[in-house]
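The block underneath contains the structure these notes are about, expressed in structure tokens.
The values are calculated or read from the model by the stated rules, or taken from the named source; none is laboratory data. In this text, all values refer to a predicted model and were calculated from it rather than measured experimentally. Neighbour counts run over all protein chains shown; Cβ positions are idealised from the backbone, glycine included. Each accessible area value is taken on the protein alone, full model and side chains, heavy atoms only, with ligands, DNA and RNA left out. Shrake-Rupley method; radii C 1.70, N 1.55, O 1.52, S 1.80 Å.
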Amino acid sequence: MPDKTMEKLVSLAKRRGFVFQSSEIYGGLGSVWDYGPLGVELKKNIKERWWRSMVHEREDIEGLDAAILMHPKVWEASGHVAGFTDPLVDCKHCKNRFRADDPKIKGTPGQPDAQCPTCGMKGTLTAPRMFNLMFKTFMGPVEEDAAVIFMRPETAQGIYVNYLNVLQSSRQKVPFGIAQIGKAFRNEITPGNFVFRTREFEQMEMQFFVKPGSDGEWFEFWRAERLKWVQDLGIRQEKLRWHQHGKGELAHYAKDAYDIEYEFPFGWNEFEGIHNRGDFDLSRHQEYSGKKLDYLDTTTNTRFVPNVVETSAGADRTTLVVLCDAYREEAVKNEDGADKEELRVVLKLKPELAPIKAAVFPLVNKDGMPDVARRVYDDLRKRFNVFYDDGGSIGRRYRRQDEAGTPFGITIDGQTSQDQTVTVRDRDTLKQIRVASAKLVDYLKEQLTG
Ligand SMILES: [Zn+2]
């Protein structure tokens, strides 16, 4: 039976304003998406949570915001530019990419006899082609080769080229890390699955520089830390697993790599990787820039090129994980007082991640209720992202907020004018309690932390 969950989620995302297709009125742009009013809040909450735990809560990590455009030699050093000058072949089985003239390839790429040097499969290599995942553009007013530059395909290189600047200005000592959130661009051949694989995306990356020999230990440390962070987003445990890269998947320089995978409606897929990259990155930049990037350990008076342990998460993918995991359909009682059950769609987002924290409703648009509701709303929105809604029956208003993932519904009713209390309805349990309107801020603050 085909799983319709993704279709339903994409439809909800559009209906409620989480995610829209880019340039939709022109028919859309392939695999590029825009975040709407609720989506931008959700993604921002996830990014802020990441930044807080990776930068603010750690003494040994500094933040960075490097430019998207970089010196073209960066991409020569990183190995990304090779595809513009050499024809490449891809293995359709293990997804590795080789120069077409790689002596390790047996047979003719594109033909059934060709054998992949990494996974050993036959007939899986594509015919040679000039291809590069990087978007190319031109710097300066004249389109000439000398001015060709690229949209970065990953944020990590901005960290490596600033390694010395950050080290010296922050007076950090190895081991230490640099964290960055930013956009990256890849001209993917096979994008898809909503915001899972897109041509423009946002990364949350941290490169941790360590003394060679201590990399294995730090690798295990960061694996544990990152899994814990993901679990703290409220993701169901049984939907998460580790995937260790086999020999065929590892980059040639990498020592070890693990992905955190989530069971999406379209199958298990990675949304964050933890990589032990050895000294490849700084060594290459040292070689291509001619600038010394080794580190003087003053306690032992020795010099070394630091090894890098990387944690690389997709902000869009993590947002998709959170949305998929929160999406539920369930039978609940009618909340307009009718004696019947109905089906509701609800996003059971962790309250701290929810785009809207509370919605304020006057039960009816008379008896002074809208005035009081407006005052409650004005008071709350100084501290929280809250929403005011006076349209339709109260049950319908609750349902709209269920789809938005709003954890609390605050209703001003007939009793409010008598005892200055309001009802607070819980999204998940549907239970309603009465809270003094003067205590609402404290009540919400307590519910929204943790
Ligand atoms: Zn292969």
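For F271, the conditions (1) open to solvent by 50 Å² or more (accessible area, probe 1.4 Å); (2) assigned to a strand (DSSP E or B) are fulfilled apart from (1). Of the strands (runs of 3 or more DSSP E) contained entirely in the stretch 352-440, those carrying at least 2 residues that are farther than 22 Å from F18 by Cα and out of contact with any Asp or Glu (no Cβ under 6 Å at 6 or more places or on another chain) fall at 408-412, 421-426, 432-436.
Taking the criterion of being buried (at least 17 other Cβ atoms within 10 Å of the Cβ) and not in a helix (DSSP H, G or I), the residues of the stretch 315-338 that qualify are Y327, E335.
One line per residue, one yes/no per condition, for (1) open to solvent by less than 30 Å² (accessible area, probe 1.4 Å); (2) within 16 Å of the ligand (Cβ to nearest atom); (3) touching a helix residue (DSSP H, G or I) at 6+ places or on another chain (Cβ under 8 Å):
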{"residue": "W51", "(1), (2), (3)": "no, no, no"}
{"residue": "E57", "(1), (2), (3)": "no, no, no"}
{"residue": "I61", "(1), (2), (3)": "yes, no, yes"}
{"residue": "E76", "(1), (2), (3)": "no, no, yes"}
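Just so you know, in the stretch 126-145 the residues that are open to solvent by less than 80 Å² (accessible area, probe 1.4 Å) and away from the ligand (no atom under 16 Å from the Cβ) include one that is farthest from W75 (Cα to Cα), and it is G140.
Selection of the stretch 230-244 for residues being within 18 Å of H275 (Cβ to Cβ) and crowded, with 18+ Cβ neighbours inside 10 Å yields only V230. Contact annotation: residue pairs with Cβ atoms under 7 Å, 6 or more positions apart or on different chains, pairing a residue in the stretch 9-27 that is under 20 Å from A354 (Cβ atoms) and without any contact (Cβ under 8 Å) to a residue 60 or more places away in the chain with a partner that is surrounded by fewer than 18 Cβ atoms within 10 Å (Cβ to Cβ) and basic (K, R), are F20/K14. Take the residues of the stretch 78-92 that are open to solvent by less than 70 Å² (accessible area, probe 1.4 Å) and touching a Ser or Thr at 6+ places or on another chain (Cβ under 7 Å): which is nearest to the ligand (Cβ to nearest atom)? Ranking the candidates gives C91 first. Only residues that are open to solvent by less than 10 Å² (accessible area, probe 1.4 Å) and either at pLDDT below 95 or under 30 Å from W51 (Cβ atoms) (or both) were counted across the stretch 387-407, and they come to 5.
For the stretch 341-351, which positions are more than 21 Å from R15 (Cβ to Cβ) and assigned to a strand (DSSP E or B)? Please lay out each step first, then the result.
From the stretch 341-351, those more than 21 Å from R15 (Cβ to Cβ) are 341, 350-351; that's our starting set.
Within the stretch 341-351, E341 is the sole residue that qualifies.
The set of residues in the stretch 357-368 that are aliphatic (A, V, I, L, M), in contact with a Ser or Thr (Cβ under 7 Å, 6 or more places away or on another chain) and open to solvent by 10 Å² or more (accessible area, probe 1.4 Å) contains only L363.
Name the residue that is nearest to E188 (Cα to Cα), counting only residues in the stretch 93-125 that are open to solvent by 40 Å² or more (accessible area, probe 1.4 Å) and within 8 Å of the ligand (Cβ to nearest atom). The extreme case among them is K95. Going residue by residue through the stretch 146-165, is there one that turns out to be open to solvent by 20 Å² or more (accessible area, probe 1.4 Å), in a strand (DSSP E or B) and of a type in the set (D, E, K, R)? Checking the stretch 146-165: not a single residue is open to solvent by 20 Å² or more (accessible area, probe 1.4 Å), in a strand (DSSP E or B) and of a type in the set (D, E, K, R).
Does E341 satisfy the criteria of being buried (at least 19 other Cβ atoms within 10 Å of the Cβ), under 19 Å from K431 (Cβ atoms) and of a type outside the set (G, A, S)?
Taking the combined requirement at face value, the residue does not satisfy it.
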